[in-house]
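For reference, the structure is listed below as structure tokens.
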Amino acid sequence: MRIMAVDPGEKRIGLAISDPTGTIASPLTVLQHVSRPVDAATIADLANQNEVGLIIIGKSLDEEGMPTVQSRRSDRMALAIQEQCDIPITAWDESFSTQIARQARIEMGTKRQKRSGHLDELAATIILQSYLDNNVSE
């Protein structure tokens, strides 16, 4: 079963998708934020096109594991997506995914000038791979 991850942001939304076996995450695309209903419809459409069986939405938590302002945005996005499709949606802790994505770019040898771009789809890939590593049985 393919699984899709959503990294919701204020300006962009990163999307990643797993392989059909649900073991390897890959970047899918980055959507420019338009409005919650439009974004949710686009995400639901992409999930249906890719025959996704589960959507993971990144949810930011603070140091004590409590919801943040960004996590409430994730909750609202999850509800909007759920109104557009019947695919189950699960929240997954996205804390530090952007920092991990930035570090991954450094470790890949990406030049400093090219590292300044958006990290949304890479962050979504990190969120999805974290979920897959922790939840998919072998």
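Taken together, the values in this text are just the output of simple stated rules run on the coordinates, not laboratory data. Since we're looking at a predicted model, the values are computed, not measured. Note that each Cβ is placed from the backbone with ideal geometry, even for glycine, and that neighbours are counted across all protein chains shown.
Scanning the stretch 49-61 for residues that are outside any strand (DSSP E or B) and either over 22 Å from Asn135 (Cα atoms) or aliphatic (A, V, I, L, M) (or both) turns up just one, Gln49.
Only residues that are farther than 19 Å from Asn48 by Cα, without any contact (Cβ under 8 Å) to a residue 60 or more places away in the chain and of a type in the set (S, T, N, Q) were counted in the stretch 12-35, giving 2.
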